[in-house]
Amino acid sequence: MIPLIVAFPLIMAFLTSILPALRREKFSKYLFLIGMLSSWIILPQIIENLPFNEIVGNWNRISGIEVAADNYNLLFIMAELILSAFVALYVYGNYYPKKIENKAYVLLLLLHAGLLGAFISRDLFNYYIYMEIASVASFALVGISKEKGARRAAFKYAIFSLLASYIFILGIGIIYLKTGYLNLALIKENLRMSREINVALTLAFTSLLLKSGIFPLHFWLPDAHSKADAPISALLSGLVVKAPAYGMILLTLTFPIGIFVQRTLLTLAFLSMFFGIAMAILQKNSERLLAYHTVSQMGYVLLGIALLNPLGAAYYALAHALFKGGLFLSVGTIAEHYNTRDLEKLSYRSSKLLAIAIILLSLAIGGISPFIGAFGKSKISEGLYGFLKYLLYLGGIGTLVSFTKLNYYLSKRKEKAEIPRKKTIIPLLLGTLTLVGGIYLYPHLNILKDLSSIAMAFILFYLLKNLGVFEISTEAFIPEQFSSLGKEINAYMFLFTALLLLFLLNFL
Amino acid sequence: MKMSLIVRTTTKLISPFLVAYSAYLMIYGHLSPGGGFQAGVILAVSVILLITSHGYKRVRKTFKFWEVQLIEGASGGFLVLLATVGILFGGFFYNFLRGGDFGSLLSGGIIPLFNIGVALKVGAAFTFMFYILLRWVERD
């Protein structure tokens, strides 16, 4: 039954793609909606028979491809289904101009099918293929954005994502050479650790880190996520970066992870967390601020993976998909109707529903207690010890400072803009979902801690504001040579190679 | 973008043979070396040869843009649909047409159908990609 969850969107993608040939473009939005929502039909049956695995075509495990649903990937599947349903409803109708409508729908369906396929697969090569389908669809979706510089961002994204894919498949090849299998259960049975497997794991982890936008390898992420249209940014930040994180979870569940690898991942997770926050505080572009928060929040997910706590990482990924998707949709809606992404010109005063949605989602991302963010954080901090727990707490305060800044600018009274009702209700629904989901999963109130962290965030915000930190322009720190795309890509490629070599030399 | 008379005559002669070879590969893919992807590539080459010798504008009149687009999407949909029909018989991608003697054409069940679907999909997709690139090059 599980493969059907991918089959429905895929059929609809193919059917939508032949509509222009038959001159029936006007039906493409109906097929699109059916494709995006039909996967929900399978979900009750998957939840009923959990954990559940199936070899496609009823072959035996050695010759077939295995797909499975268990406690870990069910959360990823849930996140995918919920956020893509909201994005589908947001895009449905006349979001895209008539000329590119059909193509955008096909690409969105392919993205949906690719992500679901990556999340259910238990076979390294199958996982790689579906992740590639999702990535290729997302390059194109970034490229069709109306924003200036979108194609440049899409090109950069394509180059680095493809680089990561090639290195990842090299790693898979080495694993296949040494064990003889691609199926993860069989690899686990027949595994004998050796130098070659270590090399393969290093290659796989480094490429997945690049794909998921963790700190030193985050350079493509803010551009790609901030130049895309609002619903696409929501999908990219909420879901597409989760696919490589799921790959890392699969690897940690299959292979024994050495203490050194674990420490490296832990360090990178914290670096990513604080770097993302620091950069987000300095941003003046609303979408870039949110994009840097993705770098920071992926640090939390990586923290769960590094502590060998995959359930915590999966819960945090679900939480992040909900609130970051909602934030991109709500802030993106405002930015679209004001026709600018400059924080100082935007305001949510003209729409009360959006204001409530953004405040709810900001509290959720800051980890305030009845919201789902607090649940994710409590799950992740289970394995943390000593001062690292305080570092996590500090990260939460940093996130709150940055979102205080966002709300401070947005709450100022500026000129009015008409925002259609549908576009305000969808972010509000996501906002209430983070609240309801949080109450359902983790009904604990921690008023003292939350109030003190909000108060500290406010104090820090006014301190930083009076010190003039928000006036610093980040553009001054970008080297002059980076104005040509080739030199920029070369520099980042060098950084990636250096990091890969460093990891290789240390893990051998 | 028209080439000399010799090239045009030769490609016209070769193209039908390539199509026949591709049909052999896709139908007998489960019994002999070959299969859907190879058959599809050869199918696409038969059209691409004509494009290089006769030019895009001439070929577009015979193999129309919308036809190629239709074959590409429809064969992709057919593949997934065939896999989904297997659910009724026991599982996704289940081979529900088993029959025939060992080594005969019918022994493959749905595999020849899959090969035909993949071949049409790959062939149409390659041709489609060439069409789009050439439309961009020759747009003036």
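Before moving on, here are some points about what is shown:
- With a 1.4 Å probe rolled over the protein heavy atoms of all chains, the accessible area of B:V59, B:V7 falls in the order B:V7, B:V59, largest first.
- The B:A20 and B:F102 beta-carbon pair, evaluated with R₀ = 25 Å, returns a calculated FRET efficiency of approximately 0.40.
- Gyration tensor verdict on the stretch A:1-84 (Cα atoms; rounded if a/c is under 1.5, prolate if a/b is larger than b/c, oblate otherwise): oblate
- Distance in nm between pseudo-label sites at A:L308 and A:Q45 (7 Å out along the Cβ direction from Cα): 3.7
- In chain A, the DSSP-assigned H stretches of four residues or longer account for a calculated mean residue ellipticity at 222 nm of -24000 deg cm²/dmol, using -39500 (n - 2.57) per stretch and the full residue count as denominator.
- Solvent-accessible area per residue, Å², over the stretch A:257-477 with all protein chains present [probe radius 1.4 Å]: 41
- Tally of Lys pairs whose C-alpha atoms are under 29 Å apart, taken over the stretch A:173-306, 8 or more apart or cross-chain: 11
- Per-residue shielding of A:20-27, expressed as the average number of other chain Cβ atoms within 10 Å of the residue Cβ, stands at 3.
- Test item: A:1-11 mean partner chain Cβ contacts at 10 Å: 4
- Ranked by the mean number of other Cβ atoms within 10 Å per residue, highest first, peptides A:410-420, A:131-141 order as A:131-141, A:410-420.
- Note on surface exposure: A:K178, A:K324 rank A:K178, A:K324 by accessible area, highest first, 1.4 Å probe.
- Prolate is the label for the stretch A:257-477, because a/c, from the alpha-carbon gyration tensor with a ≥ b ≥ c as root eigenvalues, is 1.5 or above and a/b exceeds b/c.
- Label-point separation in nm, A:L504 to B:S32, each point 7 Å along Cα→Cβ: 4.4
- Cα gyration tensor of the stretch A:300-367 - equivalent ellipsoid semi-axes, whole Å, descending: 30, 12, 9
- Fraction of accessible area attributable to carbon and sulfur, the stretch B:5-137 (%, probe 1.4 Å): 76
- About its Cα centre, chain A has a charge dipole of approximately 1080 debye under the convention of +1 per Lys or Arg Cβ and -1 per Asp or Glu Cβ, with nothing else charged.
- Averaged over residues, the count of other Cβ atoms within 10 Å places the peptides A:355-364, B:110-119 in the sequence A:355-364, B:110-119, highest first.
- Contact order relative to length of chain A, as percent, for alpha carbon pairs under 8 angstrom and 6 or more apart: 13
- Pairs beyond 32 Å (Cα-Cα), from A:K156/A:K414; A:K148/A:K352; A:K98/A:K405; A:K352/A:K389; A:K148/A:K465: A:K156/A:K414; A:K98/A:K405; A:K352/A:K389
- Estimated FRET transfer efficiency when R0 is 22 angstrom, pair B:I132-A:R24 (beta carbons, to 0.05): 0.60
- Packing-based ranking of A:162-174, A:258-270, A:40-52 yields A:162-174, A:258-270, A:40-52, ordered from highest to lowest mean Cβ neighbour count within 10 Å.
- Positive dipole terminus of the protein assembly as shown, leading residue within A:L360, A:Y130, B:N115 (C-beta point charges): A:L360
- With contacts taken as Cα pairs under 8 Å at a separation of at least 6 residues, the stretch A:257-477 carries a relative contact order of 26 percent.
- Rolling a 1.4 Å probe across the protein heavy atoms gives chain B an accessible surface of 57 Å² per residue.
- Of the residues B:I14, B:H54, B:G34, the one whose Cα sits farthest towards the positive end of the charge dipole of the stretch B:5-137 is B:H54 (charges of +1 on Lys and Arg Cβ, -1 on Asp and Glu Cβ, taken about the Cα centre).
- Summarising the label geometry, the points placed 7 Å from Cα in the beta-carbon direction at B:R58 and A:A278 lie 6.5 nm from one another.
- Heavy-atom accessible surface that A and B bury in contact, both chains counted, 1.4 Å, Å² to 100: 1400
- Shielding of B:94-101 by partner chains, average beta-carbon count, 10 Å: 1
- For chain A: rounded, prolate or oblate by the Cα gyration tensor [a/c cutoff 1.5]: rounded
- Within the accessible area of chain A (1.4 Å probe), percent carbon and sulfur: 65
- Working from Cα pairs under 8 Å separated by at least six residues, relative contact order for chain B is 32 percent.
- Dipole check for the stretch A:257-477: with +1 at the C-beta of Lys and Arg, -1 at the C-beta of Asp and Glu, and the Cα centre as origin, the magnitude is about 400 Debye.
- Charge dipole of the stretch A:441-489 about the Cα centre (unit charges at C-beta), most positive-ward option of A:M456, A:F470, A:I489: A:M456
- The stretch B:5-137, dipole about Cα centre (Lys/Arg Cβ +1, Asp/Glu Cβ -1), debye to the nearest 20: 680
- Global size of chain B: 17.5, 58 Å for Rg and Dmax (C-alpha atoms, Rg to one decimal, Dmax whole).
The values are calculated or read from the model by the stated rules, or taken from the named source; none is laboratory data. These numbers were taken from a predicted model, which means no experiment stands behind them. A quick note on method: Cβ atoms are made from the backbone with ideal geometry, for glycine too, and the neighbour counts reach across all protein chains shown. Quick note on the areas: whole protein, heavy atoms, side chains included, nothing else; ligands and nucleic acids left out. Shrake-Rupley method; radii C 1.70, N 1.55, O 1.52, S 1.80 Å.
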